[in-house]
Amino acid sequence: MKFQKLALALSVALTLSVFTGCSEDDDDDNTTPVDEFALMSELTDTGFAGWTTGWVQGADYVHTNLANLYVVDLRSATDYAAGHIPGAHNATLTTMADNIATNNTSDLPVAVVCYTGQTSAFATMALRMLGWTDAFSVKWGMGGWNDALNTSWATGISNAYVGNMVTSASPALGTFEFPALNTGLTDGQAILEARVNAILAEGLTPNIVTAATVMATPGDYQIFNYWSAAHYAVGHIDGAYQLTPGNLTTTTDLDALDPADQQVLYCYTGQTSALVGFYLNALGYDVLSLKYGANALYHDTMPANAWAATGFNYELETN
């Protein structure tokens, strides 16, 4: 059984300290303040590599393995009822943990699907941080499962900013202090769960940004390109820093993010940045994921992962 899985959907309870008798002379509180970030990062530094490995699968994989998966559909109840992956369970970001804990009695790997893959990637990181380490996001969302449902992707791609892309070298990464967390908890696991639940309660909308908004005033953000150096060199937002995927722990590049600034993290599709953005926001940063990623900037000439219809038309169940 994955660690503490059955308890993860419950609210974190605080353990009250038991006070022993003391004299009035002992009233001064000399307790060292708890560094909540340090306690939590002991877990996140260890977990990050695993949480960002094998986190996405294509619709073909889901179709082939459907009998051995627990599918969670995060779309609206109306769209779910109109057509969903057979056997999928409809839930929201704030109800999915309860849904899985209650109904996934066979402990099957969890496949999370939404409209485009961005909300499901966001949710997948939450589930992995909470102990469902075999949870994964369905690539391209329901548009990847059935081409009839790819409207969001078809309208989300753009070449509007191809002329704004540059090939200059990355600015040198800065070095900043880590964020301060203030959950009031003193246990690393409890702090992690509290932070994950807080970000889930916010939802994806305040943690995502459109290309039009960013490109209107790029200087308002600390922008990070989350690609390899080779792909960064092909073309990127002017002034964006290059971050190598996988390098975001307290010993590898995490201190390049300024907790006092707002960051924009962008990848090819918005799916990886939604996944990693959730992790960073849970750590206390203010990170926005670029909606549709580079597909919303210069779709036709981007170096990899340009959206195209999958050609799949897998069965839709209605109810």
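A simple count of charges around residue 93, restricted to other residues whose Cβ falls under 13 Å of its Cβ and scoring Lys, Arg +1 and Asp, Glu -1, yields -2. Mean residue ellipticity at 222 nm, helices only, the chain: -8500 deg cm²/dmol; runs of at least 4 DSSP H residues each add -39,500 (n - 2.57), and the sum is divided by the number of residues. Among 91, 294, 77, the largest mean-square fluctuation in a Gaussian network model of the chain, built with springs joining Cα atoms closer than 10 Å, belongs to 77. Under 15 Å from a label point set 7 Å out along the Cα-to-Cβ vector of residue 220, the amide N atoms of segment 281-319 belong to 287-291.
Expressed as a fraction of 2.2 N^0.38 Å, the value expected for a compact globular protein of N residues, the C-alpha radius of gyration of segment 94-183 is 1.54. If Lys and Arg each add +1 and Asp and Glu each add -1, what is the summed charge of the other residues whose beta carbon sits under 13 Å from the beta carbon of residue 36? Once all neighbours under 13 Å are counted, the net charge is -3. Cβ crowding within 10 Å ranks 266, 221, 226, 161 as 161, 221, 226, 266, fewest other Cβ atoms first.
Secondary structure note: in segment 162-301, about 20% of the DSSP beta bridges are antiparallel.
Computed from the Cβ-Cβ distance with R0 of 30 Å, the FRET efficiency linking residue 107 to residue 186 stands at 0.45.
Scanning residues 5 or more positions from residue 56 or on other chains, those with amide H under 5 Å from its amide H are 137, with H placed 1.01 Å from N in the peptide plane. Note on residue 304 and residue 234: the model spin-label points, each 7 Å out from Cα along the C-beta direction, lie 0.8 nm apart.
Report the per residue volume, in Å³, of the convex hull enclosing the C-alpha atoms of segment 79-126.
86 Å³
Using 0.36 nm per residue of separation minus the Cα-Cα distance, give me the extension gain between residue 76 and residue 148 in nm, one decimal.
Extra length available between residue 76 and residue 148 comes to 24.2 nm.
Phi angles across segment 295-309 convert, under the Karplus curve 6.51 cos²θ - 1.76 cosθ + 1.60 with θ = phi - 60°, into 3J(HN,Hα) values of 4, 8, 9, 8, 3, 6, 10, 5, x, 6, 6, 6, 5, 8, 4 Hz, Gly and Pro given as x. Take the Cα radius of gyration of the chain and divide it by 2.2 N^0.38 Å, N being the number of residues; the result is 1.07.
Using the Cα atoms of segment 50-156 to build a convex hull, what is its mean projected area in square nanometres? Walk me through the numbers on the way to the answer.
Values: hull surface 25.3 nm².
The number I arrive at for segment 50-156 is 6.3 nm².
For segment 139-229, divide the Cα radius of gyration by the Kirkwood radius and give the resulting Rg/Rh value with two decimals. Here Rg/Rh amounts to 1.05. Taking only the Cα atoms of segment 162-301, the ratio Rg/Rh comes out at 0.97, with Rh defined as the Kirkwood radius.
No lab work stands behind these numbers, since they all come straight from the coordinates. Just so it is clear, the model here is predicted, and its values are computed rather than measured. For neighbour counting, all protein chains shown are included, and Cβ atoms are generated from backbone atoms with ideal geometry for every residue, glycine included.
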